[in-house]
Each structure stands twice: as C-alpha cells, then as structure tokens.
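Notes for the one structure printed next.
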C-alpha cells in the first residue's frame, strides 16, 4: 500500500485535481514528490492508484493508473454515542472510523454534561468529520462514516435509522444485561445469518438513566454487558464496535 492517501473527487479524463487543503497535506505535510504513488479515495469505497504528476502545494494533480472498488463490511454498524466531556468524542470518532462504523450519531441524554447550540454543534460536526477523514487516511479505510447532527435520545429512538436496524444493542450496567455472544447467537438462530444493519447505543459518563434504558428497550434495544468492569464511555464505544464487528464478519 502507498504511504500517501488523499480524499479526492472523481477523476476527470484520467486525472484527479486535488483541492488546496488535500494538496497542502500531501505535498507540504507528507512531502510527496512528483512521480510518487498516491492512493486517492472517495469515501464511498472507490480507490484510485495514481502517480503524482504535479506537486503544486495549492493544487496537485494525480494521474490515475488503476481503479479499485472495495466491498463494505458485511454489517453496517451505527454508533449512537452520548456526548462525553472535552475532546473525547474526537477520539471516539477516530476509533469508530478505524473499526469501520458506517454511521455515528452524537446524542444528548439526561446525564450528558455537554450541550451544544446550533453554531457550536455545526463546528463540532465539521471537526468530527475532519477527525474521521484523518483516521480513514491513516488506517486505509475507503469508507467515511456518516456523521449525523447532534440530537436528543428521544428523537433518535423514533428515527428511521432505529426503525430499519435489524439488531439494536445498548451497552448497559443495569442488572439483566445479556452478553453480546448470546445476542448475536440468538439473531443467527432466528434469521439464519448475521445482521446486516446494527446499532450500538453507548451512554455518557454515569451511564443512561433507568428511564432512558426503559425507553431504549421499548424501541427494541437489548441491554448488553461489556464485562464486569466499569468502562469509560470512549473505551466502551471502542470495545462495543470491535466485538460486534468480529461477531458479524463471518456472515
């Protein structure tokens, strides 16, 4: 794999013309030079192997030598994450991208300590999209996750995303939570295959309130334990995605 990856528009007559930000990152930050091999991707599974033919910092040009289409992971996983404090959400977005999450939904809940108004919310979403793009370049993921607007848990539970998901899981510290293996085994037993669309719902510091857990269960979410230890919300999100991805890879 090439050391150089860029997010790029579709080729025009066999060439890709990079915008200023991507050109600067490729040429100035990563120090790519004319003749170097660069892999460009569109965030939707298409990659182009290219040769850097014009190394201008404000507008580099790539010549396409091969086109590749990558298959998506067998299960499209949505991470619905209650907003944590500080910059923790940036790390969650990076980890979710590295683990192949298809969608990230930031949530405000009863115990969320971060509340974003319209302007701050828009800036945060752009920051998270940048974090996802950086992670995709670093790990070689040709798919960028959709990052949804910040919304309340109540609104999310009635959304089309929730209605269409085949397997809905909520990370829970409450009594009676099942193991993930038991949930996926039950799904396979009932449907004869692994789920194609799933949601992980992960709470804030202090977990979801009992009322929120009840609302999630009423919407079809199964409380799932991530083990006997109390995890930070970023650790819980990463662990949940990693284990579910593993459990659904076999189809």
Check: Out of the residues in the range 108-119 that are within 21 Å of the chain's Cα centre (by Cα) and without any contact (Cβ under 8 Å) to a residue 60 or more places away in the chain, which is nearest to residue 211 (Cα to Cα)?
Finding: 108
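Keeping to the range 155-179, report how many residues are within 19 Å of residue 225 (Cβ to Cβ) and crowded, with 22+ Cβ neighbours inside 10 Å.
Step one: of the range 155-179, the residues within 19 Å of residue 225 (Cβ to Cβ) are 167-179.
Still in the list and also crowded, with 22+ Cβ neighbours inside 10 Å: 167-172.
Residues flagged as within 19 Å of residue 225 (Cβ to Cβ) and crowded, with 22+ Cβ neighbours inside 10 Å within the range 155-179 amount to 6.
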Next item on the list: May I ask you to verify whether residue 22 is part of a strand (DSSP E or B) and closer than 19 Å to residue 139 by Cα?
Entry: no
Check: Quick one: how many residues across the range 213-230 are loosely packed, with under 12 Cβ neighbours inside 10 Å and outside any helix (DSSP H, G or I)?
Finding: 4
Note to self: Among the numbered criteria (1) touching a helix residue (DSSP H, G or I) at 6+ places or on another chain (Cβ under 6 Å); (2) buried (at least 17 other Cβ atoms within 10 Å of the Cβ), which one does residue 183 miss?
What the structure shows: (1)
Note to self: For the list (1) surrounded by 14 or more Cβ atoms within 10 Å (Cβ to Cβ); (2) outside any helix (DSSP H, G or I); (3) touching a helix residue (DSSP H, G or I) at 6+ places or on another chain (Cβ under 6 Å), I need the number of the one condition that residue 58 fails.
What the structure shows: (1)
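Just so you know, all these numbers are worked out from the coordinates, no wet-lab data involved. These numbers come from a predicted model, not from an experiment. Neighbour counts run over all protein chains shown; Cβ positions are idealised from the backbone, glycine included.
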